1. Which residues' amide hydrogens lie under 5 Å from the amide hydrogen of Leu219, considering only partners 5 or more residues apart or on another chain, with H built in the peptide plane?
2. Using the Cα atoms of the stretch 230-299 to build a convex hull, what is its mean projected area in square nanometres?
3. Read phi for every residue in the stretch 213-220 and hand back ³J(HN,Hα) as whole Hz from Karplus 6.51 cos²θ - 1.76 cosθ + 1.60, θ = phi - 60°, with x for Gly and Pro.
4. Could you rank Met227, Met243 by how accessible they are, 1.4 Å probe, largest area first?
5. Keeping all protein chains in place, calculate the accessible area per residue for the stretch 204-257 (probe 1.4 angstrom), answer in Å².
6. Any idea what Rg and Dmax come out to for the stretch 230-361 if you just take the C-alpha atoms, in Å?
7. Using unit Cβ charges (K, R positive; D, E negative) and no other charged atoms, how large, in debye to the nearest 20, is the dipole of the stretch 233-280 about its Cα centre?
8. Could you pull out the trypsin sites (Lys or Arg not before Pro) across the stretch 199-271 that fall in loop regions by DSSP (anything but H, G, I, E, B) with no more than 15 other Cβ atoms inside 10 Å?
Amino acid sequence: RRATLARSLRGGKRLILEQQATCFCRSVPSARRSMGVYGAIVSIIAFYCRLARPFISLGVAKRARAGALQLFELATRRFWPLEYVASSLEWGHSSCVKSVAVIGNHVYTGCWDFLIKKWDARSGACVHTFVGHQQDIIGIAPSPSGRWLFSCGDLCRMWDVETGEEIARFGQGTYYCAVANATHVFAAKANGLIEEFEYADAAGVPLAEGSVIDGRRSLAGHLAGVMDFDLRGDLLVSASIDMTARTWSIEQGALVQTFSGHRDALRCCSLWRDCVFTGGLDRTIRQWSLASGECLLVVQRHTAAVRALLTVGDSLYSAASDKRIIEWDLGPAAQGGSELTPLRSLDEHTDGVFALCEAGGYLYSGSADKRCLRWSMRTGDVTQEYTSRTAIEAPSVLLELLLRQPLREMLPGWLKPVRWAQAFLRDVEKAARR
């Protein structure tokens, strides 16, 4: 054996020599003494390599895994099919959750991935996806009756919340946001016009159905698109990119008041008592008198653009691109105070927060981190997260991926059969849950 190993050494086959020597030394302990110094060195190295092998493997595995994840993340940003695959791992939204609404026991989220998702408020499971928009969904709004949902993107669309079917389309072009009363929906166009559409009669019977429906009238005044509405009876408030907010009389179709003072585009507004709060890209929250149009106070606590405002009782909630939601005490403001008192900050989101909604003692928020969270307004804790789907929904998820942009543009003829199949799978899922 020593002669064979020597010939291998002379032939330059050192790797074979080490392997054979290691096996030889492992199998015949007495040979270690007969092989002299070389055999001892080989056996010692082999011994320590065996001891270190698990630790080396673990370190290499961690580095390889981290590197693979970085490469995959980089590839998904450059190549959209991989982005869809990556988003399907969570079965949630694949982009910013721009708007949130709550109807009954379900949460609705509108997203920049062209989809609206319907979630079970208690379990957090996605039970339906509304498909049809051809561009980013910026705003969604429920009807007061809770039977219909309006969404804005390409056109303003009306959906049946029970079946998920599209009932009607309103207007032409791009719309940013909408708000509805019992019979009419008001939708904001990108050019600044606010168009009014009649969708139901006084008894609640839908009048709008089928093809695109033209507006009943328009409210003109803004010089750029309106990003948010708030509605109270006959009073409609609009916040615009043109750095102004305005109030309108719905009955008269006329401008009531203009609020000017922000130094950058507005993104949100919220009515409270005889005042209105506005927020915008200048990072400020301003309180205005509805009667005089005077600015009562200016607050700058957020470090980035203020994206959403919501008043609940004597509390104001503000959400911003700095990833925070701040709750403010409006008690001093009600007594004519010159500032707002922050009560607490909700900091679970990992990216900018774009939408706020309240229902049943819970606060709902939508964010650019692709998540919608439900917060307890009493404790400030997150009680539910609307991002994932259950395993039983996997077949319908695969069909949903076929309906996403731009994949669904490649299969226009398959769209209706796929939707039928998706509805069938939803029925199977509901039966399985029972």
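1. Ile194, Glu195, Glu196
2. In nm², the orientation-averaged hull projection of the stretch 230-299 is 4.1.
3. Each residue of the stretch 213-220 in turn: 10, 7, x, 6, 6, 10, 9, 9 Hz.
4. Final ranking, largest accessible area leading: Met243, Met227.
5. Accessible surface, normalised per residue, equals 48 Å².
6. For the stretch 230-361, the Cα-based Rg and Dmax read 14.1, 44 Å.
7. 180
8. Arg216, Arg263
The values are calculated or read from the model by the stated rules, or taken from the named source; none is laboratory data. These numbers were taken from a predicted model, which means no experiment stands behind them. Cβ coordinates were reconstructed from backbone atoms using ideal geometry, including for glycine residues, and neighbour counts include every protein chain displayed. Calculation scope for accessible area: heavy atoms of the full protein, side chains included, ligands and nucleic acids excluded. Shrake-Rupley method; radii C 1.70, N 1.55, O 1.52, S 1.80 Å.
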